[in-house]
Amino acid sequence: MHCPFCQHDETKVIDSRTSQDFSIRRRRQCLNCERRFSTYERIEESPVKVIKKDGSRVPFDRDRIRSGIEKACYKRPISDEQIDRLLGDVEAAIQEDGLREVPSRQIGEMVFNALRELDKVAFVRFASVYREFQDVNDFVEELQPILDDRSRSSLD
């Protein structure tokens, strides 16, 4: 491992921890300049392909899914840790299935359902793009079950 500060190629590992997204975080110290830095190691697996709506196949891209979730959660009281947990859960579900190809629709549904539980506004934002809402009626149809649940709980 090369030091990112002085490019020396000898470092020592000070601490190692596993994280929820199937990676290992290592805290390292350069043996030359003695500065500390963190590295993340991920298990190299056979790549999962995502089957797009048009039938094309692209490599699974965790960052692309994260970007969509972050856009839906913009200016909402949702921490990076919550987003990481949601993303880790989606990725874990895909890995557990053991399939080499996953339809993008299936990934979208997993994110869709997780956001529904996490934050209603983020859920609606994601739904508007994911479900390709064309007008206000599409929003109303998606929101109706939430509104029905809210009115039932207020009657209790």
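Readers should treat all values here as calculations from the given coordinates under stated rules, not as data from a laboratory. Predicted model only: the values in this text are computed from it and were never measured. Glycine gets a Cβ as well: all are built from the backbone with ideal geometry, and neighbour counts include every protein chain shown.
Some observations on this one:
- Here the chain is scanned for trypsin sites (Lys or Arg not before Pro) in DSSP loops (not H, G, I, E, B) that have at most 16 other Cβ atoms within 10 Å, and the longest stretch holding none of them is 1-34.
- Simple label model, 7 Å out from Cα along Cβ direction - residue 10 to residue 140, nm: 7.3
- Across all C-alpha atoms in segment 16-156, the radius of gyration and Dmax reach 18.9, 68 Å.
- Free of any GluC sites (Glu not before Pro) that DSSP assigns to a loop and that have at most 13 other C-beta atoms within 10 Å, the longest stretch within the chain is 46-131.
- The chymotrypsin sites (Phe, Trp or Tyr not before Pro) found in segment 1-70 that occupy coil by DSSP, while having at most 14 further C-beta atoms within 10 Å, are 5, 22.
- Positive minus negative residues near residue 108 (Lys, Arg vs Asp, Glu; Cβ under 12 Å): +3
- Straight-line cross-link partners of residue 53 among the lysines, defined as a Cα under 30 Å from its Cα and at least 8 positions apart when in the same chain: 71, 75, 120.
- Degrees, to the nearest 10: 104-118 long Cα axis against longest axis of the chain: 80
- Between helix 80-97 and the chain there is an angle of about 90 degrees, using the helix long axis and the longest principal axis of the Cα atoms.
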